[in-house]
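Engineer: Structure provided below as structure tokens; questions to follow.
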Amino acid sequence: MNSSMIQPELVVLDMAGTTIDEGLAVYRVLEETVLAHGGSPSEADIAKWHGSAKHEALRALLTPPGGTPLSDEVLAPIVADFRARLAAAYAERPPVPLPGIPEALADLRAAGIRVALNTGFDRDVVTSLLAALGWEGDTVADAVVCGSDVRSGRPAPFMIYHAMEELDIQDISRVLVAGDTPRDLEAGTNAGAGFVVGVLSGASDEAELSAHKHTHLVSSVADLPRLLGVRQAWVKTS
């Protein structure tokens with residue numbers, strides 16, 4: 001880290017594609033669910049909702065152009081269907097941490113930097129996902145914020161602010177936001193985060209992320225300790 005840079009107090013990290021590898025199952029399941037309920041999304045339609053709250057994506061993708069958005073009552077069983085399909089996909093191919101991520105998060109926390117995970121998944125999906133990863137409680141992160149915890153998901157900044165509130169972090173310039181989609185970067189920019197980091201381990205490539213405001217691009221969240229000048233205690237020395 002450049003000596004003139006201020007170390008963040010909090011890093012807010014996306015989950016799927018940023019800290020965990022779930023084989024992009026969430027986007028396949030999103031498309032399957034929309035098709036099953038009468039929609040006909042293109043690949044570009046699905047890509048527009050990368051990083052979004054999934055109930056928001058389903059509502060938008062199943063609302064005809066110029067039509068009235070689906071009511072919560074109509075949307076509820078569709079969201080339940082999505083959750084069931086995603087659970088089945090994860091049972092078939094369980095998500096795993098991306099390489100080096102648990103070690104990197106441990107290094108950040110050992111340096112006094114708080115870690116929050118945030119995701120467009122609803123709370124019940126996240127609870128089972130964290131259990132499958134062995135990431136329950138505060139074993140890996142200090143807080144977990146879900147799309148269902150806030151009024152609007154990304155690119156709104158509210159999940160970031162929710163994490164700050166939960167962990168009593170008051171200075172947005174001391175917050176680092178990282179994710180693998182344009183919506184992650186947009187949320188960080190909208191929040192006014194001091195660090196907005198694109199991660200090339202998931203849904204978006206360098207060209208796509210470079211088109212959006214950011215402070216850094218890295219190959220993986222595993223690069224953050226080195227970027228921030230944090231001692232990597234887990235690296236073996238000769």
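Engineer: Identify all residues within the stretch 17-43 that are under 20 Å from Gly179 (Cβ atoms) and at pLDDT 90 or above; write none if there are none. Walk me through how you get there before you give the answer.
Structural biologist: Applying the first criterion (under 20 Å from Gly179 (Cβ atoms)) to the stretch 17-43 yields 17-30.
Listed by number, the residues that qualify are Gly17, Thr18, Thr19, Ile20, Asp21, Arg28, Val29, Leu30.
Engineer: Let me ask you something else. Could you tell me whether the stretch 183-201 includes any residue that is open to solvent by less than 10 Å² (accessible area, probe 1.4 Å) and part of a loop (DSSP other than H, G, I, E, B)?
Structural biologist: Taking every residue of the stretch 183-201 in turn, none turns out to be open to solvent by less than 10 Å² (accessible area, probe 1.4 Å) and part of a loop (DSSP other than H, G, I, E, B).
Engineer: Among the numbered criteria (1) among the aliphatic types (A, V, I, L, M); (2) loosely packed, with under 14 Cβ neighbours inside 10 Å; (3) closer than 20 Å to Asp107 by Cα, which single criterion is violated by Ala178?
Structural biologist: Of (1) among the aliphatic types (A, V, I, L, M); (2) loosely packed, with under 14 Cβ neighbours inside 10 Å; (3) closer than 20 Å to Asp107 by Cα, only one is false for Ala178: (2).
Engineer: What are the residue pairs meeting all of these: first residue in the stretch 20-38, first residue touching a residue at least 40 places away in the same chain (Cβ under 8 Å), second residue assigned to a helix (DSSP H, G or I) and open to solvent by 70 Å² or more (accessible area, probe 1.4 Å), Cβ atoms under 7 Å, and 6 or more apart or on different chains?
Structural biologist: These pairs meet every condition: Val29/Arg85; Glu32/Arg85; Thr33/Arg85.
Engineer: One residue is enough: does the stretch 103-115 have a residue meeting the conditions outside any helix (DSSP H, G or I), crowded, with 18+ Cβ neighbours inside 10 Å and under 17 Å from the mean Cα position of the chain (by Cα)? Let's see the steps before the verdict.
Structural biologist: Just the residues of the stretch 103-115 that are outside any helix (DSSP H, G or I), to begin with: 111-115.
With the extra rule that they be crowded, with 18+ Cβ neighbours inside 10 Å, the set shrinks to 113-115.
Filter once more, keeping what is under 17 Å from the mean Cα position of the chain (by Cα): 114-115.
Yes, the conditions are met somewhere in the stretch 103-115.
Engineer: Another question, if that's okay. Based on what the data block shows, is His214 open to solvent by 10 Å² or more (accessible area, probe 1.4 Å), touching a strand residue (DSSP E or B) at 6+ places or on another chain (Cβ under 9 Å) and assigned to a helix (DSSP H, G or I)? Steps first, answer last, please.
Structural biologist: Working: open to solvent by 10 Å² or more (accessible area, probe 1.4 Å): yes; touching a strand residue (DSSP E or B) at 6+ places or on another chain (Cβ under 9 Å): yes; assigned to a helix (DSSP H, G or I): no.
No: the conditions fail for His214.
Engineer: Follow-up. Which residue pairs have Cβ atoms closer than 8 Å, lie 6 or more positions apart in sequence or on different chains, and pair a first residue in the stretch 69-89 that is farther than 12 Å from Glu32 by Cα with a second residue that is among the aliphatic types (A, V, I, L, M) and surrounded by fewer than 18 Cβ atoms within 10 Å (Cβ to Cβ)?
Structural biologist: Within 8 Å, the pairs are Pro69/Ala60.
Engineer: Among the residues in the stretch 4-16, are any part of a loop (DSSP other than H, G, I, E, B), among the acidic types (Asp, Glu) and open to solvent by less than 10 Å² (accessible area, probe 1.4 Å)?
Structural biologist: Applying the first criterion (part of a loop (DSSP other than H, G, I, E, B)) to the stretch 4-16 yields 4-9, 15.
Still in the running and among the acidic types (Asp, Glu): 9.
Adding the requirement that they be open to solvent by less than 10 Å² (accessible area, probe 1.4 Å) leaves none.
There is no residue in the stretch 4-16 that is part of a loop (DSSP other than H, G, I, E, B), among the acidic types (Asp, Glu) and open to solvent by less than 10 Å² (accessible area, probe 1.4 Å).
Conditions (1) within 24 Å of Pro182 (Cα to Cα); (2) surrounded by fewer than 20 Cβ atoms within 10 Å (Cβ to Cβ); (3) modelled with pLDDT of 95 or more, marked per residue:
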| residue | (1), (2), (3) |
| --- | --- |
| Ala53 | yes, no, no |
| Thr63 | yes, yes, no |
| Pro77 | no, yes, yes |
| Arg85 | no, yes, no |
| Gly120 | yes, no, no |
| Arg123 | yes, yes, no |
| Ser128 | no, yes, no |
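Engineer: Please pick out the residue among Asp107, Asp124 that is touching a Leu at 6+ places or on another chain (Cβ under 9 Å) and either touching a residue at least 40 places away in the same chain (Cβ under 8 Å) or closer than 20 Å to Arg28 by Cα (or both).
Structural biologist: On the way: Asp124 fails: touching a Leu at 6+ places or on another chain (Cβ under 9 Å).
Exactly one residue qualifies, and that residue is Asp107.
Engineer: Now for a different question. If you go through the stretch 183-205 one residue at a time, how many are at pLDDT 95 or above, out of contact with any Pro (no Cβ under 7 Å at 6 or more places or on another chain) and not polar (S, T, N, Q)?
Structural biologist: 10
Engineer: Does at least one position in the stretch 145-162 carry a residue that is part of a loop (DSSP other than H, G, I, E, B), open to solvent by 20 Å² or more (accessible area, probe 1.4 Å) and of a type in the set (Lys, Arg)?
Structural biologist: Scanning the stretch 145-162 turns up at least one residue that is part of a loop (DSSP other than H, G, I, E, B), open to solvent by 20 Å² or more (accessible area, probe 1.4 Å) and of a type in the set (Lys, Arg).
The values are calculated or read from the model by the stated rules, or taken from the named source; none is laboratory data. Everything numeric in this text was worked out from a predicted model, so none of it was measured. Note that each Cβ is placed from the backbone with ideal geometry, even for glycine, and that neighbours are counted across all protein chains shown. Accessible surface is based on the protein model in full, side chains and every heavy atom, while ligands, DNA and RNA are left aside. Shrake-Rupley method; radii C 1.70, N 1.55, O 1.52, S 1.80 Å.
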